[in-house]
Amino acid sequence: MVSNPKVENPSLGRIYGERTFSFDAGVDYTYPLRKNWAISAGIDLGVVDWNHFFEAPLNAFGRKQGSGNISTNSNSENYFYYGLSFQPVHRFNWNNNKFRLSAGPNIRFYNHGRESDITTYTINRATPWNPNDPNAAPPDFELNLPPISPQLHTDVSVSFGIERRVSDRMDLVLGVRKNWGINPISDGTILVQMYDELYRGVFATRSNYIGLDLQLRYATKKTDVKYSRAEPIPSDKQGFRRAVFAEALGNGLLSLNYDMRLERFKNNGLGIRAGLGLGQLFDNEFADFNRYVAIPVTINYIIGAKRHGLETGVGITPQITLTNSGNSPQIKPLGFVNVGYRYQPLKDGLLFRATWAPHIDSGSAQYVWFGASIGYSFR
């Protein structure tokens, strides 16, 4: 999912929040009401990430000297929430495919953001600025986000996707989701002092986003509803090509993954991949470390029906950071693009992958990143 803050900036500088990756995951139960209609209720959790950038001419501040522009930015603590959802669901057939449309409210409790978040900059000053001096002039830039109040927020989301049957009782839904936050998460203020003028504006973090929607749905009992596409026959329920592989670097640092094609008896076409990864990063003196738990989720497409194929895909990897310094865990979502070579046998056997995996982390892009995999493919 991608989201960005709402900014009202009356100053002559440029203030904005980049689009950043966030994620939401949960479980729900759907109860059928009548033909093609149902009610869904569930619980979820997620993270909304945000940042800010400030750009302005250097000579607009302090001594009014220098040339060119100054540019500064900050990635702040993300917002973690729990949620309750309630949605009417409509399913319909069109052009030999089954589609799923749902919309409804989501009530979220935000766990972080209970203290003010204040960021200040002073630029081109002749003497250092002391924030503890009661007689000090205002800073050249101040972003003030108050504590989240109330902690409960109501959002409205709409999801539209296509259903594909993967077994007698299991369906996969691939679609898009759009979310609107009725109120900002935190309704903050901006103060900018430049060219000897004081400007005040608005900086509101919010949960408005659009993103990919991936659902794996399991029927608690067999249904008599007939799908328009061919049903798997009882004598061959394993017609979908599957694979289990270990990947070094790539989307999950060091991860174990499960991959499946969504068309029976084919090595190519649309598929999904999910996994669990681990990693660890030490500081320069090996005194502190950051341990990562990564959950790569990818929608991919393979070009090439034989053993050799070109694999492409997009995905998101929520990365949970644990430290030994007493800090609380942090959740950071990374967005990935995959392009690479894939060897997958026509029968059961070894699988090899080598991919270029550029990714985005809170607005900053990492283009030089690769992954290598080895595993086993089966039907």
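The values are calculated or read from the model by the stated rules, or taken from the named source; none is laboratory data. Computed from a predicted structure; not experimentally measured. Heads up, the Cβs are rebuilt from the backbone with ideal geometry, glycines too, and the neighbour counts pull from every protein chain shown. Keep in mind that these areas ignore ligands, DNA and RNA; they rest on the heavy atoms of the full protein, side chains included. Shrake-Rupley method; radii C 1.70, N 1.55, O 1.52, S 1.80 Å.
List pairs: first in the range 96-113 and on the phi > 0 side of the Ramachandran plot and of a type in the set (S, T, N, Q), second open to solvent by 10 Å² or more (accessible area, probe 1.4 Å) and at pLDDT below 85, Cβ under 8 Å, 6+ apart or cross-chain?
ASN96/SER228; ASN96/ARG229
When the range 317-333 is examined, which residues are found to be open to solvent by 50 Å² or more (accessible area, probe 1.4 Å), at pLDDT 60 or above and touching an Asp or Glu at 6+ places or on another chain (Cβ under 9 Å)?
Hits for the range 317-333 are GLN330, LYS332.
Sort out which residues of the range 6-26 are small (Gly, Ala, Ser) and over 30 Å from VAL297 (Cβ atoms), and write them in order of number.
Within the range 6-26, SER11, GLY13 qualify.
Take the residues in the range 338-379 that are of a type in the set (A, V, I, L, M) and surrounded by 16 or more Cβ atoms within 10 Å (Cβ to Cβ), then tell me which one is farthest from PHE240 (Cα to Cα).
Ranking the candidates gives ILE360 first.
Being under 22 Å from ILE295 (Cα atoms), surrounded by 18 or more Cβ atoms within 10 Å (Cβ to Cβ) and among the acidic types (Asp, Glu) is true for just one of ASP24, ASP44. Which residue is that?
Criteria check complete, one pass: ASP24.
Could you tell me which numbered condition ASN111 fails, if it satisfies all but one of (1) in contact with a Phe, Trp or Tyr (Cβ under 7 Å, 6 or more places away or on another chain); (2) surrounded by 16 or more Cβ atoms within 10 Å (Cβ to Cβ)?
(2)
Among the residues of the range 157-180, is there at least one that is of a type outside the set (Phe, Trp, Tyr) and farther than 30 Å from ASP259 by Cβ?
no
Go through (1) more than 22 Å from ILE210 (Cβ to Cβ); (2) in contact (Cβ under 8 Å) with a residue 24 or more places away in the chain; (3) of a type in the set (Phe, Trp, Tyr) and name the single condition TYR31 misses.
(2)
Contact list please: Cβ distance under 9 Å, first residue in the range 233-249 and surrounded by fewer than 14 Cβ atoms within 10 Å (Cβ to Cβ) and assigned to a loop (DSSP other than H, G, I, E, B), second residue small (Gly, Ala, Ser) and modelled with pLDDT under 90, pairs at least six apart or on different chains.
Listed pairs, sorted by first residue: ILE233/GLY239; LYS237/SER167.
With modelled with pLDDT under 85 and closer than 17 Å to PHE203 by Cβ as the only criterion, which of ASN111, ASN96, ASN73 stands out?
From the options ASN111, ASN96, ASN73, the qualifying one is ASN73.
Would you be able to tell me the number of residues in the range 181-212 that are open to solvent by 10 Å² or more (accessible area, probe 1.4 Å), more than 16 Å from the chain's Cα centre (by Cα) and under 16 Å from ARG108 (Cα atoms)?
Matching residues across the range 181-212 total 4.
Report, by residue number, each residue of the range 117-148 that is of a type in the set (Phe, Trp, Tyr) and open to solvent by 50 Å² or more (accessible area, probe 1.4 Å).
TRP129
Which numbered condition in (1) under 25 Å from PHE21 (Cβ atoms); (2) small (Gly, Ala, Ser); (3) modelled with pLDDT under 85 is the only one that ALA287 fails?
(1)
For the range 47-77, give me the residue count where each residue is buried (at least 21 other Cβ atoms within 10 Å of the Cβ) and touching a Gly at 6+ places or on another chain (Cβ under 7 Å).
4
For the range 3-17, how many residues are in a loop (DSSP other than H, G, I, E, B), open to solvent by less than 50 Å² (accessible area, probe 1.4 Å) and more than 21 Å from ASN183 (Cβ to Cβ)?
Within the range 3-17, residues that are in a loop (DSSP other than H, G, I, E, B), open to solvent by less than 50 Å² (accessible area, probe 1.4 Å) and more than 21 Å from ASN183 (Cβ to Cβ) number 2.
Which condition from (1) in a strand (DSSP E or B); (2) open to solvent by 40 Å² or more (accessible area, probe 1.4 Å); (3) β-branched (Val, Ile, Thr) is the one that VAL89 breaks?
(2)
Please verify whether ASN36 is open to solvent by 50 Å² or more (accessible area, probe 1.4 Å) and touching a Lys or Arg at 6+ places or on another chain (Cβ under 6 Å), treating the condition exactly as stated.
Criteria met by ASN36.
Out of the residues in the range 212-246 that are at pLDDT 85 or above and not aliphatic (A, V, I, L, M), state the one that is nearest to ASN179 (Cα to Cα).
ASP213
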